[in-house]
Every structure is written in C-alpha cells, then in structure tokens.
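J.: Structure in structure tokens, see below.
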Amino acid sequence: MELGCCKYPPALYIMRYWYANREALLKFIELVHKSGIRGFVVDEKGLPLEGARIIIENRAKKIKTSKDGDFWRLLVPGNYTVRVAKRRFKNSKKTVTVDPDVSTVVNFTLFRKNSNNFNRRRPATKINGAVELEKPASNVSFHSIVTNRDKLRLAAKSPKKSACVARIPSIVASFICLVLVASLK
C-alpha cells in the first residue's frame, strides 16, 4: 500500500510513515473482519477450489480464491449479486446483503460440468486444405495439423522455389517466421 508519492521510500522514512498512518492502517485491517463478504469455494466433494473467480455484478474488480479456497472482498453496506466461476465447473450465483459493522459469510459449492465434453477437439476449419487469411500473400499458406496439441505449419516458398516449413506452437512464432521469409525477398 502506498502512503506517499514515492513508491519505494528510503528505509529511513518507513518508521515515520508507520507512526503517521498507524491508526488508519489498523482500521483498514479491521475492515476485513467488519465489512464486506468472505467465505470459501469448494467442489461437490468439499475440496477447496483454488483460482475460482469471484465476480460482484456492477463492479470492475474481480478476485480469485486462494489455495485453501477462501476469499474476502471489502464492500460498503448494501445488496450485491455475487457470482463464482471456474473452468470446468458450473457457475454459481447468490444475492447477498452486506450489513454495516459485520462481515457477511458467503460459501459456494461448485459442481463439475459433464466431463465428456472436455476430451473432444474442436474441428479445424479448412478451406481447400489451407486456413485462409483475410488477404493471403501469394507465397504463404497456413495448414492446420490435428495432433495431440494445436499447432500450425507455415509453408512459405521463397522466390528461389525452396520451401521453408516449420512446426510452431503459437501464432506469434508463425508471424516471426512470416517476417523472416518476407525479409528473404
């Protein structure tokens, strides 16, 4: 937490900052126990879920659960819709009322989605054997390779009719290869 205009103040100023702001910092720490929401996110077996996203509707800040599945969020008193989302689990939503001077406990249990859908691969979109670009260059084409991982093969022919073929795991690497081939012209 920053207390001044200097992000990393020299060590000799730290005690001065502490004494000048001690009461405010202690009150801020107490707010975790007196205002907002807190709770746990677990799966159907009662095991904690790390990394579940806690989303408060009409609020930009999203938080994630810790390793033990717990979370906390400071909120002013009022009514809120809290949604919890985690990949491969069904979302859960609750409406909670945050009272003044009391932390509201909200626990969530997420249930797994049907696991049969996770092993299916998305079909590669091919047009005449190649993935078409918006404005394809005459000497470059992208071919999708369906293996255990999604990969792209970039085949580019230089003016000397020699082929440069590279297997690459990301689009960024394919762009780099495309720039290298273009520089050979």
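The values are calculated or read from the model by the stated rules, or taken from the named source; none is laboratory data. No experiment lies behind these values; they were computed from the predicted model shown. We place every Cβ from the backbone using ideal geometry, glycine too, and count neighbours over all the protein chains shown.
Per-residue answers, yes or no, for (1) in contact (Cβ under 8 Å) with a residue 40 or more places away in the chain; (2) outside the structural domain of Asn107 (by TED's automatic domain parsing); (3) of a type in the set (S, T, N, Q):
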position: Leu12; (1), (2), (3): no, yes, no
position: Val42; (1), (2), (3): yes, no, no
position: Leu47; (1), (2), (3): no, no, no
position: Glu50; (1), (2), (3): no, no, no
position: Ile56; (1), (2), (3): no, no, no
position: Lys61; (1), (2), (3): no, no, no
position: Pro77; (1), (2), (3): yes, no, no
position: Arg88; (1), (2), (3): no, no, no
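J.: Output the strands (runs of 3 or more DSSP E) that fall wholly within segment 67-134 and possess 2 or more residues being under 18 Å from His33 (Cβ atoms) and either touching a Leu at 6+ places or on another chain (Cβ under 9 Å) or at pLDDT 90 or above (or both), or say none.
T.: 70-73, 92-98
J.: Right, next: Just checking, how many residues over segment 21-30 are aliphatic (A, V, I, L, M) and surrounded by 12 or more Cβ atoms within 10 Å (Cβ to Cβ)?
T.: 1
J.: For segment 43-58, which positions are within 19 Å of the chain's Cα centre (by Cα) and surrounded by 12 or more Cβ atoms within 10 Å (Cβ to Cβ)?
T.: Pro48, Leu49, Glu50, Gly51, Ala52, Arg53, Ile54, Ile55, Ile56
J.: Given the structure, is Gly69 among the small types (Gly, Ala, Ser) and loosely packed, with under 13 Cβ neighbours inside 10 Å?
T.: no
J.: Quick check on this structure: which one of Glu50, Glu30 is part of a loop (DSSP other than H, G, I, E, B) and either modelled with pLDDT of 95 or more or acidic (Asp, Glu) (or both)?
T.: Only one candidate passes the filter, namely Glu50.
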